[in-house]
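The values are calculated or read from the model by the stated rules, or taken from the named source; none is laboratory data. Bear in mind the structure is a predicted one, so any value in this text is a computation, not a measurement. Please note: Cβ atoms are built from the backbone with ideal geometry, for glycine as well, and neighbour counts cover all protein chains shown. The area values use the complete protein model at the heavy-atom level, side chains included, leaving out ligands, DNA and RNA. Shrake-Rupley method; radii C 1.70, N 1.55, O 1.52, S 1.80 Å.
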Amino acid sequence: MATLPSTHCCHTYSPLPPSSSSSSSSSSSSVSYLRVYSSVHGRLQRVSISSIPKRFVSAKVSQQNALGMQDGPAAPAANPIENEAHFKKLKDGLFSAPSSKESKDTTVFNVNESESTVSITVVGASGDLAKKKIFPALFALFYEDFLPKHFTIYGYARSKMTDAELRDMVSKTLTCRIDKRENCGEKMDQFLQRCFYHSGQYDSQDHFAELDKKLKEHEVGRVPNRLFYLSIPPNIFIDAVRCASSSASSGNGWTRVIVEKPFGRDSESSAALTKALKQYLEEDQIFRIDHYLGKELVENLSVLRFSNLIFEPLWSRQYIRNVQLIFSEDFGTEGRGGYFDNYGIIRDIMQNHLLQILALFAMETPVSLDAEDIRNEKVKVLRSMRPLQLENVVTGQYKSHVRGGITYPAYTDDKTVPKDSLTPTFAAAALFIDNARWDGVPFLMKAGKALHNKRAEIRVQFRHVPGNLYRDIGTELDHATNELVIRVQPDEAIVLRINNKVPGLGMRLDRSNLNLHYAARYSKEIPDAYERLLLDAIEGERRLFIRSDELDAAWALFTPLLKEIEEKKVIPEYYPYGSRGPVGAHYLAARYKVRWGDVGLEP
């Protein structure tokens, strides 16, 4: 982190010059290499470490080559390490080697001589997100042996609490893997002993300086690396970052900050937030988290497309009729209306979660698996998208409904919501990507609360078969269309709908599903999205985090629409709690000769 002069600082560094852009900074840095033995070529090969996510690097890496992971020329070749225990010890130092931008000291640490430690500070530790997601995800990583050997977790919040009280609070939310229950209680005790608490104000450099002293007590004798998770409201992000930067950043390791959405309300506020963060942080220290990018089926998108020959040739306007991104929740705001009313469903779900999935789905093949190569392709997609028009958007708000003798409240029945609120709790939109691959293909999004079910999925509807031989045997044309369904949650699955003959002497077609149901196919429990993203942040892997220019492009697409909706005070279409949403969404789809895939038969 860059620092500001302060009498409360516990460290003094010279700030790094700000990078002109995230992409240029990555390209200008020197390339690090590993020498990997190839059984195919029978010789050692020089491989760019930037193209391989760290967790995928083979364990058979020479001890001397581990030093080559720091920026600089490749280390001399050496024999592979065969001893796994030795490698485990090496890994704890390997993953924590600071990048050239993250290190604020010119000293180069030899991982054979100095072990490292990671201090994870959850800022806002008494909040729901920390209790329900962050601490359980950290324990799951510890339980699976993915955390470094030396780590410490600190909770930081304004609430007065002792270490014992924090551990008691955290213990109530921890669970062990379904497929690994041995030593569960013992593992929990070991994890909780690594958890500590510090009470302080988010805008107090003195309190962060006190935290710094406590962190140093656990880091003594090791290279200190520090990760701050900002689980706090966005209006206090900058205060917390400023204080952590000046009073609690690492002196000779890396310092990284995870920032939770929302990243502003529009282009202007988002740009102001980014500018303020970059007063104290370099771009590669900022990890903007969108937990949907950590979902297993979203992570599998690029694998499904780029490693299967049957899909890649079909991934274009020539074969795909439309793509649908659907998000629905079967509950309302439930007391969170005060927060939600300031943002609405478009900002809360569509501008980030669904748009990020769309960019991953539609991007061109990246040069490599390197984070910058992938994010470059996503930015190209976002910049190629046609500006959203109000005529291509339908908004809705749920109203009270009685079902089964139970009265479900309207959105405005929430005491934290103004009675005259026009904030949409549902939205559907048609988006278009004006490039050679996707020209003319409608990408339909819909997201809503208080709907009939809970789901998040991608539906790819293919074009009709030209000159269909079976069109005259009573088959409805729309139902005869092939469809690929990628169900992100719940009950993760990949389903391919095909047409098939029903067994018998007659000729009757049936729509059948080729179903990869994850729970049936894999016995291992699917990790929570926060586990993957926290592990990536610790390892410095940025593929699933949002870059600043990517964020700018996303807001540029939605900001004019949001301003028009608010300035014209567009009245949302009201729909009953627990229904399928506004009728207007079906008219929007019909305008492009499309039917929503989640209506009717469902896989």
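Using R0 = 41 Å, the C-beta based FRET efficiency linking Leu390 and Lys213 works out to 0.15. Solvent-accessible area per residue in region 180-319 equals 38 Å², computed with a 1.4 angstrom probe and all protein chains kept.
Each part reduced to its alpha carbon centroid, region 134-187 and region 196-250 end up 19 Å apart.
Simple spin-label estimate for Ser368 and Gln201 gives 4.7 nm between the two label positions (7 Å along the Cα-to-Cβ direction from each Cα). When the chymotrypsin sites (Phe, Trp or Tyr not before Pro) in region 282-388 are filtered for DSSP coil states and for at most 15 other beta-carbon atoms within 10 Å of their beta-carbon, the remaining sites are Phe311, Tyr319, Phe331. Between Ile310 and Ile571, full extension at 0.36 nm per residue minus the direct alpha carbon distance yields a gain of 89.5 nm.
Within region 368-403, find all residues whose amide N lies under 15 Å from a label point positioned 7 Å from the Cα of Glu564 along Cα-to-beta-carbon. Correct set: 386-395.
If you roll a 1.4 angstrom probe over the protein chains with everything in place, what fraction of the accessible area of region 444-571 belongs to carbon and sulfur, to the nearest %? Its accessible area is 54 percent carbon and sulfur atoms.
Full-extension gain between Arg508 and Tyr343, please, as 0.36 nm times their residue separation minus the C-alpha to C-alpha distance. Please list the in-between numbers first.
Values: separation 165, 0.36 × 165 = 59.40 nm, distance 5.01 nm.
Extending this stretch completely gives an extra 54.4 nm.
Using θ = phi - 60° in the Karplus curve 6.51 cos²θ - 1.76 cosθ + 1.60, the 3J(HN,Hα) couplings for region 409-422 round to x, 7, 4, 7, 6, 5, 5, 8, 10, x, 5, 9, 4, 10 Hz; x is entered for Gly and Pro.
With the full set of protein chains in place, find how many percent of the accessible area of region 116-260 is carbon and sulfur; take the probe as 1.4 Å.
48
Note on Thr407 and Ser159: with the Förster distance fixed at 35 Å, the Cβ-Cβ geometry gives a FRET efficiency of about 0.45. Ranked by the mean number of other Cβ atoms within 10 Å of their residues, highest first, the peptides 248-258, 162-172 come out as 248-258, 162-172.
Just to confirm the filter: which trypsin sites (Lys or Arg not before Pro) across region 309-363 are DSSP coil and have at most 15 other Cβ within 10 angstrom of their Cβ?
Details: sites: Arg317, Arg321, Arg336, Arg347; in loops: Arg317, Arg336.
Taking region 309-363 and a limit of 15 other Cβ atoms within 10 Å, the loop trypsin sites (Lys or Arg not before Pro) found are Arg317, Arg336.
Restricting region 525-575 to trypsin sites (Lys or Arg not before Pro) that sit in a DSSP loop and have at most 10 other Cβ atoms within 10 Å of their own Cβ leaves Lys568, Lys569.
The amide H of Leu281, built 1.01 Å from its N in the peptide plane, has Ala2 as neighbours under 5 Å, considering only residues 5 or more places off or on other chains. Rolling a 1.4 Å probe over the protein heavy atoms gives region 330-405 an accessible area of 39 Å² per residue. Taking amide H atoms as placed 1.01 Å from N in the peptide plane, the amide H of Thr117 lies under 5 Å from those of Val223, Asn225, each 5 or more residues away in sequence or on another chain. In a fully extended conformation the segment linking Asp145 and Asn515 would gain 130.0 nm over its present Cα-Cα distance, using 0.36 nm per residue. For Glu573, the residues whose modelled amide H falls within less than 5 Å of its own, excluding neighbours fewer than 5 places apart on the same chain, are Thr395, Gly396, Gln397.
Peptide packing for 585-594, 498-507, 272-281, 206-215 was compared via the average number of neighbouring C-beta atoms within 10 Å per residue; ordered from the highest value, the list is 206-215, 272-281, 585-594, 498-507. In sequence order, region 284-296 has phi-based couplings of 7, 9, 9, 10, 7, 9, 10, 4, 5, 6, x, 5, 4 Hz under the Karplus curve 6.51 cos²θ - 1.76 cosθ + 1.60, θ = phi - 60°, and Gly or Pro positions carry x. Packing-based ranking of 519-526, 240-247 yields 240-247, 519-526, ordered from highest to lowest mean Cβ neighbour count within 10 Å. Couplings for region 541-548, taken from phi via the Karplus curve 6.51 cos²θ - 1.76 cosθ + 1.60 with θ = phi - 60°, read 8, 10, 4, 9, 10, 8, 7, 5 Hz in order; Gly and Pro are left as x.
Once neighbouring chains are kept in place and the probe is 1.4 Å, which whole percent of the accessible area of region 274-405 is contributed by carbon and sulfur? Looking at region 274-405 in its full context, I get 51 percent from C and S. Set the Förster radius R0 to 41 Å, insert the Cβ-Cβ distance between Lys419 and Asp491 as r into 1/(1 + (r/R0)^6), and round the FRET efficiency to 0.05. In this case the efficiency is close to 0.60.
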